[in-house]
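Undergrad: Quick one: the structure is below, questions incoming.
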Amino acid sequence: MNKAANGKIEIVNAGKIYDPAGIHVVAVENCSFNLEAGQFVSVVGPSGCGKSTLLNTIAGFDTITSGEILMDGELLASPEIQTPPGPDRVVVFQGGALFPWKTVSENIIYGPVIQKNMERPEAEKMAISLLNRVGLTKVETKYPSELSSGVQRRVEILRALINQPKIMMLDEPFRALDAVAKSVMHNFLLELFDENPRTMFFITHDLDEAIYLSDLVVVMTTRPAKVKKIIKIDLPRPRRLDVIKTEIYRNIKADLLSIVHEEALKAFKAGEREMA
């Protein structure tokens with residue numbers, strides 16, 4: 001896929017108010033930033049600050065009450081427009097969403113087959129190819145309950161990738177994994193990204209994860225959410241684990257930690273749940 005051709009997201013003065021006629025919770029206010037096509041962008045900030053609201057709006061699960069969100073120059077969301085979910089925008093959630101009654105192969109091919117974007121034999125062939133490429137041979141006939149949580153996560157990402165989306169959105173997908181499994185998943189995701197870059201919108205509370213994976217890290221303020229700072233991650237790709245030992249990595253983390261901690265304190269003082 002052409003890295004510069006598809007999947008540019010522009011968030012322009014986006015705002016979201018829940019229950020405007022009642023308790024009037026301003027979740028997002030005048031929020032603006034871009035995700036360039038083929039760019040890996042992580043969004044961090046205090047819990048409840050509106051990160052998932054933005055993701056859900058891009059995905060088509062939610063609306064905004066002000067501003068605009070565009071994809072490749074075309075209006076995706078505004079107070080008057082909500083573009084329904086589609087295969088060009090796919091989400092991998094924290095809790096997982098594999099169908100327990102379907103095999104690995106059936107889970108992966110479900111999207112393109114049900115949407116009639118692929119015939120079943122073609123989708124099955126692609127699913128096996130994807131599994132083999134990432135070292136998951138001979139698991140296509142297994143059920144999710146027979147897999148470790150890390151392998152389940154990998155299958156979910158492959159299920160998203162088979163749709164060839166313009167943008168992949170991941171909402172804390174590795175939060176429940178232990179440190180070793182999480183490290184494996186980071187390298188797995190980076191290998192897929194290096195092989196076939198696409199726009200990535202990644203929500204996390206893990207600052208090391210954000211730095212290691214991303215081209216940009218967007219730090220959100222406490223509610224109502226807006227952009228506090230955008231940090232460019234000037235680390236070479238492909239990424240290797242030893243990059244975390246470098247001085248530039250340590251400097252980026254120190255800067256990011258200071259900014260996020262400041263917003264977490266504000267959230268705590270405001271009575272919101274502090275960042276986990």
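The values are calculated or read from the model by the stated rules, or taken from the named source; none is laboratory data. Model, not experiment: these values are computed from the prediction. Every residue, glycine among them, receives a Cβ derived from its backbone with ideal geometry; neighbour counts consider all protein chains shown.
Undergrad: With the condition kept exactly as written, say whether any residue in the range 175-184 is among the small types (Gly, Ala, Ser) and in contact (Cβ under 8 Å) with a residue 60 or more places away in the chain.
TA: Pass one, the range 175-184, residues among the small types (Gly, Ala, Ser): 176, 179, 181, 183.
This time we only want the ones that are in contact (Cβ under 8 Å) with a residue 60 or more places away in the chain, so: 176.
The answer is yes, given that some residue of the range 175-184 is among the small types (Gly, Ala, Ser) and in contact (Cβ under 8 Å) with a residue 60 or more places away in the chain.
Undergrad: Consider the range 1-55. How many of its residues are outside any strand (DSSP E or B) and more than 22 Å from Arg89 (Cβ to Cβ)? Walk me through it before giving the result.
TA: Taking the range 1-55 and keeping what is outside any strand (DSSP E or B), we get 1-8, 19-24, 36-39, 45-55.
From what is left, the residues that are more than 22 Å from Arg89 (Cβ to Cβ) are 19-24, 46-48.
Within the range 1-55, residues that are outside any strand (DSSP E or B) and more than 22 Å from Arg89 (Cβ to Cβ) number 9.
Undergrad: I'd like to check something: does the range 77-94 contain any residue that is within 30 Å of Leu265 (Cβ to Cβ) and modelled with pLDDT under 95? Before you say what the answer is, go through the steps one by one.
TA: Initially, the range 77-94 is screened for residues within 30 Å of Leu265 (Cβ to Cβ), giving 93-94.
From what's left, modelled with pLDDT under 95: 93-94.
Checking the range 77-94: at least one residue is within 30 Å of Leu265 (Cβ to Cβ) and modelled with pLDDT under 95.
Undergrad: Please verify whether Asp208 is touching a residue at least 60 places away in the same chain (Cβ under 8 Å) and either at negative phi or surrounded by fewer than 22 Cβ atoms within 10 Å (Cβ to Cβ) (or both), treating the condition exactly as stated. Full working, then the answer.
TA: Details: touching a residue at least 60 places away in the same chain (Cβ under 8 Å): no; either at negative phi or surrounded by fewer than 22 Cβ atoms within 10 Å (Cβ to Cβ) (or both): yes.
When the stated conditions are applied, Asp208 does not pass them.
Undergrad: Could you check, for the range 38-51, whether at least one of its residues is without any contact (Cβ under 8 Å) to a residue 40 or more places away in the chain and either loosely packed, with under 15 Cβ neighbours inside 10 Å or under 22 Å from Val219 (Cβ atoms) (or both)?
TA: Step one: of the range 38-51, the residues without any contact (Cβ under 8 Å) to a residue 40 or more places away in the chain are none.
No, the range 38-51 contains no residue that is without any contact (Cβ under 8 Å) to a residue 40 or more places away in the chain and either loosely packed, with under 15 Cβ neighbours inside 10 Å or under 22 Å from Val219 (Cβ atoms) (or both).
Undergrad: Taking the condition of being exposed (fewer than 14 other Cβ atoms within 10 Å of the Cβ) and either in contact with a Phe, Trp or Tyr (Cβ under 9 Å, 6 or more places away or on another chain) or outside any helix (DSSP H, G or I) (or both), how many residues in the range 244-272 meet it?
TA: The qualifying residues number 3.
Undergrad: Which members of the range 140-169 meet the condition of being part of a loop (DSSP other than H, G, I, E, B), out of contact with any strand residue (DSSP E or B) (no Cβ under 9 Å at 6 or more places or on another chain) and more than 16 Å from Met185 (Cβ to Cβ)? Give the derivation first.
TA: Residues of the range 140-169 that are part of a loop (DSSP other than H, G, I, E, B), as a first pass: 140-143, 147-148, 162-166.
Narrowing the set further to residues that are out of contact with any strand residue (DSSP E or B) (no Cβ under 9 Å at 6 or more places or on another chain) leaves 140-143, 147-148, 162, 164.
Listed by number, the residues that qualify are Glu140, Thr141, Lys142, Tyr143, Ile162, Gln164.
Undergrad: Ok, one more. Checking Ile69 against (1) of a type outside the set (Ser, Thr, Tyr); (2) part of a strand (DSSP E or B); (3) within 27 Å of Leu265 (Cα to Cα); (4) in contact with a Leu (Cβ under 9 Å, 6 or more places away or on another chain), only one condition comes out false. Which one?
TA: Result: Ile69 passes all but (3).
Undergrad: Can you name every residue in the range 199-231 that is among the charged types (D, E, K, R) and touching a Ser or Thr at 6+ places or on another chain (Cβ under 6 Å)? Don't jump to the end; show me each part of the working.
TA: First, pick out the residues of the range 199-231 that are among the charged types (D, E, K, R): 206, 208-209, 215, 223, 226, 228-229.
Matches in the range 199-231: Lys228 only.
Undergrad: Out of (1) aliphatic (A, V, I, L, M); (2) in a strand (DSSP E or B); (3) surrounded by fewer than 21 Cβ atoms within 10 Å (Cβ to Cβ), what's the single condition that is false for Val184?
TA: Condition not satisfied by Val184: (2).
Undergrad: OK, next. Looking at Ser78, is it touching a residue at least 40 places away in the same chain (Cβ under 8 Å) and over 18 Å from Gly7 (Cβ atoms)? First the steps, then the outcome.
TA: Working: touching a residue at least 40 places away in the same chain (Cβ under 8 Å): no; over 18 Å from Gly7 (Cβ atoms): yes.
No; evaluated as a whole, the condition is false for this residue.
Undergrad: Within the range 84-130, which residues are among the small types (Gly, Ala, Ser), surrounded by 16 or more Cβ atoms within 10 Å (Cβ to Cβ) and more than 20 Å from the chain's Cα centre (by Cα)?
TA: Residues of the range 84-130 that are among the small types (Gly, Ala, Ser), as a first pass: 86, 95-97, 105, 111, 123, 127, 129.
After this cut, where a residue has to be surrounded by 16 or more Cβ atoms within 10 Å (Cβ to Cβ) as well, the list is 105, 111, 123, 127.
Result: Ser105, Ala123, Ala127.
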